[in-house]
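Contents: one structure, followed by commentary.
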Amino acid sequence: MYVNGESERLLGASTRQLLDEPIWQQLQGQQPDLVRARIDEALSHNQRVEFEDFYPTQGKWIELRAYPYAEGLAVYFRDVSERKAAEEKIHRLAFYDPLTGLPNRQLLIERLETALLDCAANGHSGALMFIDLDNFKVLNDTRGHHTGDLLLKGVATRLRHCVRVDDTVARIGGDEFVVLLQALDSDPAVAARKAHAVATKVLARMIERFDLDGHQHHCTTSIGITLIAAGQDNVAELLQQADMAMYQAKHMGRNTLAFFDPPMQAALNASASLALALRAALSDDRQLTLHYQPQFDRARRITGVEALLRWQHPQRGLVGPVEFIPVAEDTGLIVPLGLWALTQACRQLACWQGQARTAALSISVNVSARQFRHPDFVDQVTAVIRQCGAPPRRLRLELTESLLADHLDITLAQMARLRQLGVALSLDDFGTGYSSLAYLKRLPLDQIKIDRAFVADVLSDAGDAAIAGAIIGMAHSMGLKVVAEGVETEAQHRFLSERGCDQFQGFLLAPPLPLEALEAFIALHATA
Ligand code: C2E
Ligand code: MG
Ligand code: MG
């Protein structure tokens, strides 16, 4: 009965023409049947309908609204192309990685959810592959981000070529890609073989040379695979499994693949229950304690102690930090845990301040990278020192080299603030990680601790002996004190002492001790 004026322009037909023939016969959109069905619906139910369709001849998205009107319909056409384009852009931004055009983590998770439902419905197993580029950071650091970006794009293209069109290839982080292989086979063993074949293909394709704007690059990858079988319903768990398998592949020497398997699952469960128990321990005063290991100067006088966490687990007995610190780091529990240790140590410092024997002693507290990276870290240290009334000069924080691997600017700024508080800073386990001498010069440190691995071998390994000697000489030239950790024999002590090492810590001199034993040790030492 009626069409709006805009229709003539949009559809290229006169109002007369539009009104004379059934409207659905005149539209050349992509869904003519749907148009007809909806218009029938409007007429028979006497209700308004609206829908949008793409019109290839016009190259436009057109919206049609039809209102019951007298004996027929009033129809309004409107060009909605701009809104459609905006919607599409928003969709792309929300679900795709702008660099490679691949689905992002968000879309991957949605597809994974669908895959799990499919798998439950038809029993077809699939696989999830976690793919990480080996040494990507080195390329980025040496050749710049532009070259790094080119590699990521190249990898994305190669990955797409390794899988079927229905499979999902996603980029979920810097150099982390995930491939979702759906409906591989109803037999999980066959599905696993197929996934293995795809991963092998990926490994082979990746080691072919990349040409990055004239720079010839060789790249390897590490791949972790987990199967998606009926009965699984947890997306996060699957991702974690594939991630764990990927780490396994890295441990196996990179450029290789690993499947997630039951022993790995057992380890995962164990660390999950450890995390749960650790959370409980944090609110139970009796489970956590600090032990203190004395540190000595060249004349074997005690200069301070290192605080080392101990966990009295209600069922398992004493659990060492080597076991629970990594779990605490993974789960973020390291932040409250570290704060707890720091608070205990500061209380102890405040308490020792008033006693002649202990007033000059320092306490070293270990700080893990994740804890140090926490934006509130320096404020927390400041607050704890104030609340406990601890002398800041007696507090020493032991940092690890992993802090130097990235965000060096933030690390430096945080360290400077800590130094301003009067807190001393030490670099722990020196020689095991990054060990960049160039960085060392830029850091506001007081001391470095030679890792016990070097100390253990100074007498048997000429290389380690030379390194230990060189570290001491170099540290001294930069005005840093050197502490040797893990000193177990007189011979080691003598060797390091002859090379000028300033302080010593290790079983030879004293093990880590509970507070009472430490105080007894100090008393004995003072009178000896
Ligand atoms: P670390 O900071 O290098 O601590 C020194 C470790 O060497 C301690 O192990 C200590 O018991 C051990 N040790 C001392 N003397 C000797 C020796 O003569 N020979 C040998 N072989 N080992 C010796 P522990 O207590 O098991 O601590 C292990 C690690 O756990 C620490 O290494 C530190 O990285 C971490 N840790 C301990 N407490 C904390 C904490 O409160 N926070 C954080 N973030 N990490 C902590
Ligand atoms: Mg330490
Ligand atoms: Mg150490």
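The values are calculated or read from the model by the stated rules, or taken from the named source; none is laboratory data. Keep in mind that what you see is a predicted model, and the values were worked out from it rather than measured. Note that each Cβ is placed from the backbone with ideal geometry, even for glycine, and that neighbours are counted across all protein chains shown. Heavy atoms of the whole protein, side chains included, go into the accessibility calculation; ligands, DNA and RNA do not. Shrake-Rupley method; radii C 1.70, N 1.55, O 1.52, S 1.80 Å.
One table, with the values for the structure above:
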item: Within segment 479-518, tally of residues that are free of Cβ contacts under 8 Å to residues at least 60 places away in the same chain, away from ligand 3 (no atom under 16 Å from the Cβ) and not in a loop (DSSP other than H, G, I, E, B); result: 8
item: Checklist (1) away from ligand 2 (no atom under 16 Å from the Cβ); (2) over 24 Å from the mean Cα position of the chain (by Cα); (3) open to solvent by 40 Å² or more (accessible area, probe 1.4 Å) applied to residue 407, failing item; result: (2)
item: Residue 460 being within 14 Å of ligand 3 (Cβ to nearest atom) and either open to solvent by less than 50 Å² (accessible area, probe 1.4 Å) or closer than 26 Å to residue 293 by Cβ (or both); result: no
item: The one condition in (1) within 23 Å of residue 494 (Cα to Cα); (2) within 13 Å of ligand 2 (Cβ to nearest atom); (3) touching a residue at least 40 places away in the same chain (Cβ under 8 Å) that residue 396 fails to fulfil; result: (1)
item: Segment 410-429 - residue that is at pLDDT 95 or above and charged (D, E, K, R) and, of those, nearest to ligand 2 (Cβ to nearest atom); result: 419
item: Residue within segment 94-112 that is surrounded by fewer than 14 Cβ atoms within 10 Å (Cβ to Cβ), farther than 30 Å from residue 261 by Cβ and touching a residue at least 40 places away in the same chain (Cβ under 8 Å) present; result: yes
item: Residues being in a strand (DSSP E or B) and of a type in the set (S, T, N, Q) - total across segment 116-149; result: 1
item: In segment 441-457, the residues that are within 16 Å of ligand 3 (Cβ to nearest atom) and either touching a residue at least 40 places away in the same chain (Cβ under 8 Å) or out of contact with any strand residue (DSSP E or B) (no Cβ under 7 Å at 6 or more places or on another chain) (or both); result: 446, 447, 449, 450, 452, 453, 454, 455, 456, 457
item: Hey, residue 374 at positive phi, of a type outside the set (Gly, Ala, Ser) and open to solvent by 20 Å² or more (accessible area, probe 1.4 Å) or not; result: no
item: Qualifying position, being open to solvent by 40 Å² or more (accessible area, probe 1.4 Å), under 20 Å from residue 238 (Cα atoms) and among the small types (Gly, Ala, Ser), among 189, 170, 127, 115; result: 189
item: Members of segment 422-431 found to be surrounded by 15 or more Cβ atoms within 10 Å (Cβ to Cβ) and more than 16 Å from ligand 3 (Cβ to nearest atom), listed by number; result: 423
item: Residue in segment 252-265 that is under 16 Å from residue 327 (Cβ atoms), in contact (Cβ under 8 Å) with a residue 12 or more places away in the chain and hydrophobic (A, V, I, L, M, F, W, C) present; result: yes
item: Residue match in segment 282-294 (condition: in a strand (DSSP E or B), closer than 23 Å to residue 148 by Cα and not acidic (Asp, Glu)); result: no
item: Count of residues meeting criterion [closer than 16 Å to residue 6 by Cα, free of Cβ contacts under 8 Å to residues at least 60 places away in the same chain and open to solvent by less than 50 Å² (accessible area, probe 1.4 Å)] in segment 60-85; result: 6
item: Selected residue (criterion: farthest from the chain's Cα centre (by Cα)) from residues of segment 299-356 that are among the hydroxyl-bearing types (Ser, Thr, Tyr) and not in a strand (DSSP E or B); result: 343
item: Of all residues in segment 377-404 being more than 23 Å from residue 331 (Cβ to Cβ) and part of a loop (DSSP other than H, G, I, E, B), the one that is most open to solvent (accessible area, probe 1.4 Å); result: 389
item: Residue 34, sole failed condition from (1) within 53 Å of the chain's Cα centre (by Cα); (2) part of a loop (DSSP other than H, G, I, E, B); (3) surrounded by fewer than 17 Cβ atoms within 10 Å (Cβ to Cβ); result: (2)
item: Segment 230-257, residues that are closer than 11 Å to residue 128 by Cβ and open to solvent by less than 40 Å² (accessible area, probe 1.4 Å); result: 235, 238, 239, 241, 242, 245, 246
item: Some residue of segment 377-385 being within 13 Å of ligand 1 (Cβ to nearest atom) and either of a type in the set (Gly, Ala, Ser) or free of Cβ contacts under 8 Å to residues at least 40 places away in the same chain (or both); result: yes
item: Scan of segment 481-490 for residues that are away from ligand 2 (no atom under 16 Å from the Cβ) and not acidic (Asp, Glu), ordered by number; result: 489
